[in-house]
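Coordinate-derived values only; no laboratory data. Just so you know, these numbers come straight off a predicted model, no measurement behind them. Counting neighbours? That spans all protein chains shown, and the Cβs are built from the backbone with ideal geometry, glycine included.
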Amino acid sequence: MALLDWIAPESGLRVEGDGIRLRPPRAHEYAEWRELRGMSRGFLQPWEPTWPADDLSRAAYRRRLTAYARDREAGAAYPFFVHRNSDDAITGGITLSNIRRGVAQMGSVGYWCGRPFARHGHTLAAVRALADFSFRTLGLHRLEAACIPENGPSRKLLLKAGFSEEGYARAYLKINGAWRDHVLFGLISPLRALEGPDEGVSV
């Protein structure tokens, strides 16, 4: 457990948002995470990849933390739990993944919200906070996100967070056992937009 919980002292990494904060998942949060995911299974499954049979087990959670730590150390992804400020409850999760440097300077945003916390604004606040972290702290230029066309709440959330609808990808991701079309969204850093064109790029 001590190895897995290096996440906490690693950074004291915490991203503040409107009524929420983002923190990397920790080993001692397993029970709360399991309860929230378990009670939200029916709510989440239509929009997520098929859950493995042992998805909610402690062993699977440990594997998640190990993978998270490896990805973060490589600068490839930053996974967070979304915590409500009023009581520190976990309301869901959000991840900046597939980070590309070089000439791209971009990453992908994915998120989930537990059923009891849906429609309370926590995920919108989390997306906005993650975008600020991505642009100001990590220096990224662009974020991407995607959702199934039928997922109206997610489409509205991304638009409220400042993303623009950019296109439509057929059979984009395998969701709940089937290859599903997705609507594609993008967000450009307002900081980068003000800088003007680069004179040269080092890769």
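General remarks:
- Working from label points 7 Å from Cα in the Cα-to-Cβ sense, the residue 54 to residue 70 distance is 1.6 nm.
- Cut-off under 5 Å, modelled amide H: who pairs with residue 17 long-range: 22
- Net charge in the neighbourhood of residue 52 (other residues with Cβ under 12 Å of its Cβ; Lys, Arg +1, Asp, Glu -1) is -1.
- Within the chain, antiparallel bridges make up roughly 90 percent of the DSSP beta bridges whose residues both belong there.
- Placing a pseudo-label 7 Å from each Cα along the Cα-to-Cβ vector at residue 14 and residue 119 gives an inter-label distance of 3.1 nm.
- Estimated from helical segments only, the mean residue ellipticity of the chain at 222 nm is -8500 deg cm²/dmol, where each DSSP H run of four or more residues counts as -39500 (n - 2.57).
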